[in-house]
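First up is the structure itself, then whatever we jot down about it.
The values are calculated or read from the model by the stated rules, or taken from the named source; none is laboratory data. Note that this is a predicted model, so its numbers are computed, not measured. Please note: Cβ atoms are built from the backbone with ideal geometry, for glycine as well, and neighbour counts cover all protein chains shown.
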Amino acid sequence: MTPVIETEGVAKHFRRAWSRRVVRAVDGVSLRVDPGVAYGLLGPNGSGKTTFVKLLLAAVWPTAGKTSLFGQDSRLPAARQAVGYLPENHRFPTYNTGFQMLDFYAALSGMGETERRRRAGELLELVGLADWADVRIGKYSKGMLQRLGLAQAMMHRPRLLILDEPTDGVDPVGRRQIRDILGALRRDGVTIFLNSHLLVEVELFCDEVAIISRGQVALSGRLAEMTAGSGYVVSAAGAGEGVRDQLRQQGARVAANNGVVDFHFADRAGVNQAIDALRESGAEIERVARQHSTLEDVFVRVVSQVAVTPAKEAD
Amino acid sequence: MGAVQMLALVRDTFRESLARKIFWGFLGCSTALILFFSLALNIDLVEGAMAAVTIFGQDVAHGQLADVQLIVKRILGAVAAFLFTAGLFLSIFASAGLIPTVFEPGRIELLLSKPVSRTRLLLGRYLGTLAVIGANMFYLVAGVWLVLGAKTHIWDPNFLLAAALALFAFAVILAVVLAVAVTSGSAVLATMVSYFFVLMSPLLAQHERLAPLFRRQWARDVMKWLYYAFPKVFDLGNMARLALEGKAFTTWMPVWSSALFAGLMLAAGLWAFARKDY
């Protein structure tokens, strides 16, 4: 199966003007995104996410390594034929109306005029901007521009959508609408590459994730595996101080909330001992569950680990 | 697909020139000039010869001009001179803003993400700008030509050749705008460098006369080489004048050497654009 996106040790180093110092914005990133996957690229500000996306789209040239889209060198225009892109901090020319803007970018993708007209009308309807089709986009709000930008990226029916902070400036209803649209595209087999710092959004939407920090992939893989269990929790009502102390001594982390006490254990043996002890003490067990990390937990842990290593600037 | 993309880029440049009032500014100036000739200029003909020429009712011929042919040539010459001086300066000023806007962050990334080569992207913008200025030049030239033709029944085709030379001179200078805009990203610098070439042109055209003023031979050689290397806007203007006077060109060197210069500038601009990170 040909990957939709594949990079091999791709790097982008910027040399500062009047200086021999080199900034390694992207430093040997290797990624593979298979067809139909929703892939999230995460990273703190300045970690190299946007530069990586620009490398994929040949807006910047790699210092080293390879990038390919649908098996073709991404520097070739033909490789970008089936790619739709919504940039972060876009500046769509404000002299165009919504319709003209869609028409222009679709023409650059090689679409014929009749098809462009039909598709633009269809997408303006989909993103809720049909009534604004003939209004200059200088009058659009930030949220409307994001929705129009998404329509622009979808005009030529791409098989890969690269979205850089797609819900930036969009209200909650608009965010939900965008997620629904992207969900429908996924069901149609479109690969979605989402560059976002909104972890909740990535967690809701993506199958696979890469966390990039200081220009390198710090962690990548299936989201479900990343956030999978790292311990157990037993919740009980009416657990007195005695049993709490007893379980603390057995290694439990204890947290009380509104009369319910959570006992966190690293392994299953601790859970079984806790259940016995709680029953003996007359406490009511409310819940026994395997613990899951949130993506935020994973992100913070990974980024913190990378942060202790020296900065990647070289003379 | 290439034609669809090119057409889209040209149309987008047109749209931007309309929105930024560049097109309308040119159109206004051209219309004023056409109206001037159609309303203010009055030529009375008697049996094919000029009886009187008045502007705003004032006799301007003073009986010195022998026939209508001559005054028409002078008027066409004045329009051609306008195109090579004020017209060229205005065109550079207007177009210098149209090319660097493409490189604005947030706009260029999206353009580069499309399946269009960088060469096509830049050439599309170049041709679009040329089309904006060319359309205005055509409007002015055709308007004046029609007005004068209708008034005098003289249809001098050489005027169209003179206008074509003016458009060619602009195309050469626009290549400079493009190269400087790509490398520097600055509309102001692109304008300044373009004006420099235009202003140097009449000076360098006099290199043979000016050479004796330089004591050192190398300085004379530099001036001569600069003359051959730089675009010859002044010489192209002279060729337009010769065309209007119905005289044959003594040399085509200003045309081919300027075309060569434009080609090199375009190649340099495209080369820089193809390698630049955005």
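Quick look at the numbers
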item: Members of the range B:107-148 that are outside any helix (DSSP H, G or I) and either closer than 21 Å to B:Ser17 by Cα or touching a Phe, Trp or Tyr at 6+ places or on another chain (Cβ under 9 Å) (or both); result: B:Arg107, B:Lys114
item: All positions within the range A:62-91 that are acidic (Asp, Glu) and either more than 10 Å from chain B (Cβ to nearest Cβ) or out of contact with any strand residue (DSSP E or B) (no Cβ under 8 Å at 6 or more places or on another chain) (or both); result: A:Asp73
item: Residues satisfying the stated conditions in the range A:259-303, i.e. over 16 Å from A:Glu241 (Cα atoms), touching a strand residue (DSSP E or B) at 6+ places or on another chain (Cβ under 8 Å), among the β-branched types (Val, Ile, Thr) and part of a helix (DSSP H, G or I); result: A:Val271, A:Val298, A:Val302, A:Val303
item: Any hit, the range A:132-153, residues being over 27 Å from the mean Cα position of the chain (by Cα), in a helix (DSSP H, G or I) and among the polar types (S, T, N, Q); result: no
item: Whichever residue in the range B:18-42 is touching a residue at least 60 places away in the same chain (Cβ under 8 Å) and aromatic (Phe, Trp, Tyr) and, among such residues, is nearest to the other protein chains (Cβ to nearest Cβ); result: B:Phe23
item: Selection within the range B:243-274 - surrounded by fewer than 17 Cβ atoms within 10 Å (Cβ to Cβ) and under 20 Å from B:Ala86 (Cα atoms); result: none
item: Residue match in the range A:194-216 (condition: surrounded by fewer than 19 Cβ atoms within 10 Å (Cβ to Cβ), acidic (Asp, Glu) and modelled with pLDDT of 90 or more); result: yes
item: Filter result for the condition that a residue is surrounded by fewer than 16 Cβ atoms within 10 Å (Cβ to Cβ), aromatic (Phe, Trp, Tyr) and closer than 30 Å to B:Ile75 by Cβ, over B:Trp155, B:Trp145, B:Trp225; result: B:Trp155
item: Qualifying residue in the range A:105-123 (condition: outside any helix (DSSP H, G or I), facing chain B (nearest Cβ under 8 Å), over 27 Å from the mean Cα position of the chain (by Cα) and polar (S, T, N, Q)); result: no
item: Residue in the range B:162-174 that is farthest from the chain's Cα centre (by Cα), counting only those that are closer than 19 Å to B:Ile34 by Cα and touching a residue at least 60 places away in the same chain (Cβ under 8 Å); result: B:Ala162
item: Selection within the range A:94-104 - over 26 Å from the mean Cα position of the chain (by Cα), in contact (Cβ under 8 Å) with a residue 24 or more places away in the chain and within 13 Å of chain B (Cβ to nearest Cβ); result: A:Thr94, A:Tyr95, A:Asn96, A:Thr97, A:Phe99, A:Met101
item: Residue in the range B:130-142 that is closer than 22 Å to B:Phe273 by Cα and at pLDDT 90 or above present; result: yes
item: Residue check, B:Arg209 outside any helix (DSSP H, G or I) and farther than 30 Å from B:Asp156 by Cα; result: no
item: Among (1) touching a Phe, Trp or Tyr at 6+ places or on another chain (Cβ under 8 Å); (2) surrounded by 22 or more Cβ atoms within 10 Å (Cβ to Cβ), the one test that A:His156 misses; result: (1)
item: Test: residue in the range A:32-52 that is touching a residue at least 24 places away in the same chain (Cβ under 8 Å), within 14 Å of chain B (Cβ to nearest Cβ), touching a Pro at 6+ places or on another chain (Cβ under 8 Å) and hydrophobic (A, V, I, L, M, F, W, C); result: no
item: Residues located in the range B:221-278, provided they are acidic (Asp, Glu) and outside any helix (DSSP H, G or I); result: B:Glu245, B:Asp277
item: Qualifying residue in the range A:16-30 (condition: crowded, with 21+ Cβ neighbours inside 10 Å and within 18 Å of the chain's Cα centre (by Cα)); result: yes
item: Residue in the range B:99-118 that is more than 13 Å from every other protein chain (Cβ to nearest Cβ) and either within 23 Å of the chain's Cα centre (by Cα) or crowded, with 23+ Cβ neighbours inside 10 Å (or both) present; result: yes
